[in-house]
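Visitor: One structure, as structure tokens, below. Some questions next.
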Amino acid sequence: MSAPTLEVRNLRTHFFTRAGVVKAVDDVSFSVKAGQVMGLVGESGSGKTVTGFSIIGLVDPPGRITGGQILFKGRDLATLPEAEMRSLRGNRIAMIFQDPMMTLNPVLRIDTQMIETVQAHAKVSREEARQRSRDALGQVGIPSPDERLQSYPHQFSGGMRQRVAIAIALLHKPDVIVADEPTTALDVTIQGQILAEAQKLCTQFGTALVWITHDLSVVAGLADDIAVMYAGKVVESGPVAEVMDAPLHPYTLGLIGSVPSRNRRGEPLRQIPGMTPSLLNLPAGCAFRSRCPRAEPRCAEPPPMAEYRPGRHARCIHPHDEAVAA
Amino acid sequence: MTVFLLRRLLQAAAVVLVMSLLVFLGVFAIGDPIEILISPEADQFERERAIKALGLDLPLWQQYLVFLGNALQGDLGRSFVFNEPALKLILERMPATLELAIGATVLALLIGLPLGLYAGLKPNGALSKGIMATSILGFSLPTFWVGLMLIMVFAVQLGWLPSTGRGETVTLLGTRWSFLTLDGLAHMAMPTLNLALFKISLVIRLTRAGVRETMLMDYVKFARAKGLSPARVTFVHVFKNILIPVVTVVGLEFGGTIAFSVVTESVFAWPGMGKLIIDSINVLDRPVMVAYLMMIVLLFITINLVVDITYSLLDPRVRLEGKS
Ligand SMILES: Nc1ncnc2c1ncn2[C@@H]1O[C@H](COP(=O)(O)OP(=O)(O)OP(=O)(O)O)[C@@H](O)[C@H]1O
Ligand code: SF4
Ligand SMILES: [Mg+2]
């Protein structure tokens with residue numbers, strides 16, 4: 001198989017706040033190949049968005065990438081000068097944000113916001129840029145794109161705005177798109193449509209897609225690989241079907257248990273007991289320890305990320321794996 | 001838009017009517033002009049004739065109705081002192097005041113916007129902290145004192161700028177203007193700066209607060225994520241958004257500037273409405289005071305309307321057809 005388009009290795013992004021260091025991203029690794037989808041899953045506050053911002057180089061102070069590498073076609077984005085990073089941003093690497101109601105500038109027309117994106121990276125005339133913008137709107141299923149270009153964001157519904165944001169992300173047919181929960185704020189039906197369209201376009205253009213979500217069921221039908229985050233760390237990663245079938249990490253098992261499913265209809269949903277720990281002053285050792293049914297004294301030592309089966313990594317001393325469980 | 005304008009005009013008419021009553025009553029309560037205008041030596045007969053001529057013998061409500069009727073025909077009474085129509089006196093002096101107020105507003109925007117922008121983008125820089133500290137001075141130093149200091153330094157000590165009057169003027173559209181001649185501009189410099197001081201501070205603070213708030217918005221981050229240059233992000237995405245509060249406040253403040261030009265005009269002997277009203281209050285020239293206050297009311301209403309319209313042009317989410 002080909003080399004991955006994007007490979008994140010041991011990424012650490014910390015926020016140096018007055019209250020202390022918030023290790024929002026603390027050892028995150030994953031990789032995506034062209035045309036594939038990588039699902040980044042985790043609870044609220046687990047560091048998914050910060051991971052996304054680290055990839056496109058938009059971590060603002062007091063935050064800073066403190067370690068690791070972000071290899072994009074072999075180049076390390078973590079150490080790339082800002083000018084070079086800017087020529088990639090929105091061009092080869094694009095991001096779609098969490099809240100479609102907030103991502104478009106309310107006082108600028110859609111055409112302004114699209115044309116400027118085209119012209120930021122391609123030396124083309126305004127007319128040509130408008131053509132491309134119109135085509136992109138058509139691609140994401142916005143009816144009468146010529147008219148819609150003249151509109152302001154408030155004249156669109158949430159779903160339509162997210163389509164516009166996706167169209168903007170697709171303008172330069174990027175190699176990587178980081179989609180940060182782009183459908184959570186939308187209706188279920190529209191969620192499904194957008195999901196399917198985004199996936200189709202990425203396969204078509206050979207885009208590597210990082211799909212961030214807290215909803216395991218979204219990722220199950222969409223992604224090729226999956227990385228589960230907990231308190232700033234990836235705790236399990238691997239091909240999505242295998243992970244869903246036989247999770248190694250107790251946290252992943254808990255997540256799967258809390259997804260409503262047809263087979264267990266009528267049964268109450270199982271919840272993971274306890275709360276996500278505060279990222280300030282995390283205790284040493286496994287961060288999931290206080291909520292883990294399999295915890296044991298050894299878990300007070302930081303568990304290493306280990307490959308328990310080919311392509312299957314987990315950060316747990318006592319994983320759900322009879323063959324390796326000691 | 002038409003519906004909106006019609007409704008606003010009706011509202012404006014109602015406000016003017018109420019204000020005319022308040023102004024009339026307020027001014028009536030200030031004092032008795034007869035004591036000032038008629039010489040103590042005048043005999044009873046002369047006295048009564050004067051009172052009659054001025055319409056001061058009628059009951060209050062009748063005086064008001066007469067006043068209102070005349071006002072509707074553009075007659076706000078004759079000045080007791082100049083024996084000229086009060087409205088004419090006010091209108092003659094209005095250009096001088098407007099010139100000063102507009103000059104001060106332009107100056108405030110030209111100085112305040114860039115400084116505020118800089119302070120907002122680099123909130124922790126030494127220069128930004130200096131700008132903010134200075135802006136506090138602009139807020140708290142009394143206008144008349146700053147005016148006197150300006151005269152002390154630039155007129156008395158350095159002798160660079162003239163300290164009184166409008167200087168050479170040019171007639172345009174039927175009135176005299178100072179800003180079209182060099183000498184006039186030299187005369188305008190100090191009073192304009194004096195009047196602008198408070199506004200500069202205001203614009204700096206508004207702009208800085210707006211920039212800091214807007215920079216945190218998702219749409220600014222998204223604009224950056226599109227790979228736009230920092231200049232484009234700042235001057236298009238951020239600037240257009242902060243213009244909304246700045247235009248609103250500065251616009252509404254414009255009426256206040258005209259009202260407060262009284263102090264500056266007195267200090268620099270600038271022959272505008274402010275100086276006229278101070279002189280009129282001193283001699284209880286009631287028609288002039290009433291005419292002045294009515295002009296100010298009209299001015300405020302016009303300004304509010306203009307601000308609303310500008311606001312709707314800047315912010316596409318605001319629709320004028322909607323509730324006002
Ligand atoms: N500017 C900042 N300063 C301090 N801490 C921050 C900052 N931005 C993010 N964090 C912290 O980083 C952690 C991870 O945040 P992040 O937004 O990545 O979570 P998330 O997984 O995207 O959650 P959600 O599902 O709610 O979007 C949070 O605990 C948050 O408090
Ligand atoms: S390391 Fe221990 S506490 Fe952590 S998940 Fe594994 S078993 Fe649970
Ligand atoms: Mg998030």
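The values are calculated or read from the model by the stated rules, or taken from the named source; none is laboratory data. Since the structure is predicted, the reported quantities are computational estimates derived from the model, not experimental observations. Neighbour counts are summed over all protein chains in view; Cβ atoms, including those assigned to glycine, are modelled from backbone coordinates with ideal geometry. What goes into the accessible areas is simple: the full protein's heavy atoms, side chains included, and nothing from ligands, DNA or RNA. Shrake-Rupley method; radii C 1.70, N 1.55, O 1.52, S 1.80 Å.
Visitor: Would you mind getting me the FRET efficiency between A:A122 and B:I309? Use the beta-carbon distance for r and R0 = 60 Å, nearest 0.05.
Guide: The formula returns an efficiency of 0.95 here.
Visitor: Let me check something: with ligands and nucleic acids excluded, how do A:E181, A:E296, A:E84 order by accessible area (1.4 Å probe), largest to smallest? List each step's numbers first, then the result.
Guide: Numbers: A:E181 10, A:E296 55, A:E84 80 Å².
Greatest to least solvent exposure: A:E84, A:E296, A:E181.
Visitor: Between A:K73 and A:D187, what is the label-to-label distance in nm when each label sits 7 Å out along the Cα-to-Cβ direction?
Guide: So the two model labels end up 4.0 nm from each other.
Visitor: A follow-up question, please. Could you work out the helix-only [θ] at 222 nm for chain A, with each DSSP H run of four or more residues adding -39,500 (n - 2.57) and the total divided by the number of residues, to the nearest 500 deg cm²/dmol? Mind showing how you got there, number by number?
Guide: Numbers: 11 runs with 101 residues, N = 326.
Only helices count here, giving -9000 deg cm²/dmol.
Visitor: Taking N as the number of residues in chain A, what is its alpha-carbon radius of gyration divided by 2.2 N^0.38 Å? Can you show the working numbers first?
Guide: Numbers: Rg = 20.5 Å, N = 326, 2.2 N^0.38 = 19.8 Å.
The value comes to 1.03.
Visitor: Can I ask one more? Apply the Karplus parameterisation 6.51 cos²θ - 1.76 cosθ + 1.60, with θ equal to phi minus 60°, to every residue of segment B:170-182 and state each ³J(HN,Hα) to the nearest whole Hz, in sequence, with x for glycine and proline.
Guide: 10, 8, 9, 6, x, 10, 8, 10, 8, 6, 8, 10, 4
Visitor: Starting from the Cα of A:M275, move 7 Å in the Cα-to-Cβ direction to define the label point; list residues of segment A:216-237 whose amide nitrogen is under 20 Å from there.
Guide: A:230-233
Visitor: At a Förster distance of 45 Å, what's the computed FRET efficiency of A:T203 paired with B:L127, Cβ-Cβ distance as r, to 0.05? Intermediate results must be reported in sequence, preceding the final value.
Guide: Values: r = 52 Å, r/R0 = 1.15.
The pair A:T203/B:L127 has a calculated efficiency of 0.30.
Visitor: If I take the Cα coordinates of segment B:67-209 and project them onto the principal axes, what are the three extents in Å, biggest first?
Guide: Cα extents, longest axis first: 59, 39, 28 Å.
Visitor: If you line up the long axis of helix B:60-72 against the longest principal axis of chain B, both from Cα atoms, how many degrees apart are they, to the nearest 10?
Guide: 60 degrees
Visitor: Would you tell me the mean number of C-beta atoms belonging to other protein chains that fall within 10 Å of each C-beta in A:102-110, as a whole number?
Guide: For this peptide, the per-residue mean of nearby foreign Cβ atoms is 6.
Visitor: Pick out, from B:Q63, B:G74, B:A108, the residue whose Cα sits farthest towards the positive end of the charge dipole of chain B, with +1 on the Cβ of Lys and Arg and -1 on the Cβ of Asp and Glu.
Guide: Positive-most Cα among the choices belongs to B:A108.
Visitor: Now for a separate question. Keeping to pairs on different chains or 8 or more places apart, tell me how many lysine pairs in chain A have Cα atoms under 18 Å apart.
Guide: So the count works out to 9.
Visitor: In percent, how large is the relative contact order of chain B, given Cα pairs closer than 8 Å and 6 or more residues apart? Spell out each step's value before the answer.
Guide: Details: 376 pairs, mean separation 86.5, N = 324.
Here the relative contact order equals 27 percent.
Visitor: Based on Cβ point charges of +1 for Lys and Arg and -1 for Asp and Glu, what charge dipole magnitude is obtained for segment B:87-323 about its Cα centre, in debye rounded to the nearest 20? Can you show the working numbers first?
Guide: On the way: 20 positive and 13 negative charges, 196 e Å.
In total the dipole reaches around 940 debye.
Visitor: Run the reach check for B:K240 against aspartates and glutamates, Cα to Cα strictly under 14 Å, same-chain hits fewer than 8 apart removed. What comes back?
Guide: Cross-link targets: B:E213, B:D315.
Visitor: Return, for the Cα atoms of the protein assembly as shown, the radius of gyration and Dmax in Å, separated by a comma.
Guide: Values for the protein assembly as shown (Cα only, Rg and Dmax): 34.9, 124 Å.
Visitor: Now a separate question. Relative contact order of segment B:140-261, please, whole-number percent, based on alpha carbon pairs below 8 angstrom and at least 6 residues apart. Can you show the working numbers first?
Guide: Numbers: 87 pairs, mean separation 21.9, N = 122.
Reported relative contact order: 18 percent.
Visitor: Scan around A:I226 for amide H atoms under 5 Å from its own, H built in the peptide plane at 1.01 Å from N, and keep only partners 5 or more places away or cross-chain.
Guide: Close amide H contacts, sequence-distant or interchain: A:G39, A:G238, A:V240.
Visitor: With a cut-off of at most 14 other beta carbons within 10 Å, and DSSP calling the residue loop, which chymotrypsin sites (Phe, Trp or Tyr not before Pro) in segment A:28-108 qualify? Please list them.
Guide: Details: sites: A:F30, A:F53, A:F72, A:F97; in loops: A:F97.
Passing sites in segment A:28-108 do not exist.
Visitor: Once you list every other residue whose beta carbon is under 11 Å from the beta carbon of B:A104, what net charge do they have if Lys and Arg are +1 and Asp and Glu are -1? Working shown, then result.
Guide: On the way: positive: B:K199; negative: B:E99, B:E253.
Summing Lys and Arg as +1 and Asp and Glu as -1 gives -1.
Visitor: For segment B:109-171, which chymotrypsin sites (Phe, Trp or Tyr not before Pro) pass both filters: DSSP loop (anything but H, G, I, E, B) and at most 14 other C-beta atoms within 10 Å? All intermediate terms of the calculation are to be shown ahead of the outcome.
Guide: On the way: sites: B:Y118, B:F139, B:F144, B:W145, B:F154, B:W160; in loops: B:W160.
Qualifying residues, ordered by number: B:W160.
Visitor: Could you work out how far helix B:44-54 tilts from the main Cα principal axis of chain B, as a 0 to 90 degree angle to the nearest 10?
Guide: Helix B:44-54 sits roughly 40 degrees off the main axis of chain B.
Visitor: Show the residues, 5+ positions off or on another chain, whose built amide H is closer than 5 Å to the amide H of B:T164.
Guide: The list, which skips near neighbours in sequence, is empty: none.
Visitor: Sticking with this structure for a sec: For B:K52, go through the lysines and keep the ones whose alpha-carbon is under 26 Å away, minus same-chain ones fewer than eight residues off.
Guide: Straight-distance partners of B:K52: B:K88.
Visitor: For B:L185, B:L276, write out the residues from largest to smallest accessible area, computed with a 1.4 angstrom probe and no ligands counted. Could the numbers behind the result be given before it?
Guide: Details: B:L185 80, B:L276 5 Å².
Heavy-atom accessible area, descending, gives B:L185, B:L276.
Visitor: Just reorder A:R126, B:R7, B:R166, B:R224 by solvent-accessible area, largest first, 1.4 Å probe, all chains present. Write down the numbers at each step before the final one.
Guide: Numbers: A:R126 135, B:R7 90, B:R166 20, B:R224 60 Å².
If we order A:R126, B:R7, B:R166, B:R224 from most to least accessible, we get A:R126, B:R7, B:R224, B:R166.
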